[in-house]
1. Return only the number of the condition from (1) modelled with pLDDT under 85; (2) in contact with a helix residue (DSSP H, G or I) (Cβ under 9 Å, 6 or more places away or on another chain) that SER98 does not satisfy.
2. VAL19 versus (1) aliphatic (A, V, I, L, M); (2) modelled with pLDDT of 95 or more; (3) outside any helix (DSSP H, G or I): which is the lone unmet condition?
3. In the range 6-21, which residues are open to solvent by less than 40 Å² (accessible area, probe 1.4 Å) and either of a type in the set (Ser, Thr, Tyr) or in contact with a Gly (Cβ under 9 Å, 6 or more places away or on another chain) (or both)?
4. Cβ-Cβ distance below 6 Å, separation of 6 or more or different chains: which pairs start in the range 10-25 with a residue that is farther than 21 Å from CYS67 by Cβ and end on one that is charged (D, E, K, R)?
5. Here are some residues: VAL77, VAL48. Which one is surrounded by fewer than 17 Cβ atoms within 10 Å (Cβ to Cβ) and either modelled with pLDDT of 95 or more or assigned to a helix (DSSP H, G or I) (or both)?
6. Select from the range 22-42 the residues that are in a loop (DSSP other than H, G, I, E, B) and open to solvent by 50 Å² or more (accessible area, probe 1.4 Å) and write down the one among them that is nearest to PHE60 (Cα to Cα).
Amino acid sequence: MFGSLGTLIYRMLMDGVNVAGLDATERAAVKTTIGGAVETARALQDSVVPAWLEVARQSFSTGFASCCLIAGVTLLVLAVIARKIYARANVNEQTVTSAH
């Protein structure tokens with residue numbers, strides 16, 4: 001799930017990037033995955049790093065950070081839910097123990 005979300009964010013951020021000078025296959029590789037962008041940049045063998053490579057790195061980082069944030073928030077919510085369930089079970093157990 002998180003991989004799909006990260007990929008979606010990457011592709012959305014890369015959608016408007018100027019990749020002029022690349023053929024259709026290279027454009028698709030750059031705009032689809034960070035791996036494709038890095039490999040395409042390596043294959044160009046230019047001494048100058050393409051501007052779109054930095055955008056690709058930032059897009060990947062944004063997607064990754066977004067997934068981490070969502071995972072962290074989800075974990076906190078689940079921890080609160082688990083604490084409430086455990087507290088309720090503990091109270092019920094004490095009530096049963098006290099009644100005997």
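1. (2)
2. So the condition that VAL19 fails would be (2).
3. The first filter runs over the range 6-21 and keeps only residues open to solvent by less than 40 Å² (accessible area, probe 1.4 Å), leaving 6, 9-10, 14, 17, 19.
Once the filter is applied, which keeps residues that are open to solvent by less than 40 Å² (accessible area, probe 1.4 Å) and either of a type in the set (Ser, Thr, Tyr) or in contact with a Gly (Cβ under 9 Å, 6 or more places away or on another chain) (or both), the range 6-21 yields GLY6, ILE9, TYR10.
4. VAL19/ARG27
5. Details: VAL48 fails: either modelled with pLDDT of 95 or more or assigned to a helix (DSSP H, G or I) (or both).
Only one candidate passes the filter, namely VAL77.
6. Start the filter on the range 22-42 by keeping residues that are in a loop (DSSP other than H, G, I, E, B), which leaves 22-23, 33.
Retained after the next criterion (residues that are open to solvent by 50 Å² or more (accessible area, probe 1.4 Å)): 23, 33.
Numbers: ASP23: 22, THR33: 8 Å.
Result: THR33.
The values are calculated or read from the model by the stated rules, or taken from the named source; none is laboratory data. The shown structure was predicted, so the numbers you read here are calculated from the model rather than taken from an experiment. Counting neighbours? That spans all protein chains shown, and the Cβs are built from the backbone with ideal geometry, glycine included. Quick note on the areas: whole protein, heavy atoms, side chains included, nothing else; ligands and nucleic acids left out. Shrake-Rupley method; radii C 1.70, N 1.55, O 1.52, S 1.80 Å.
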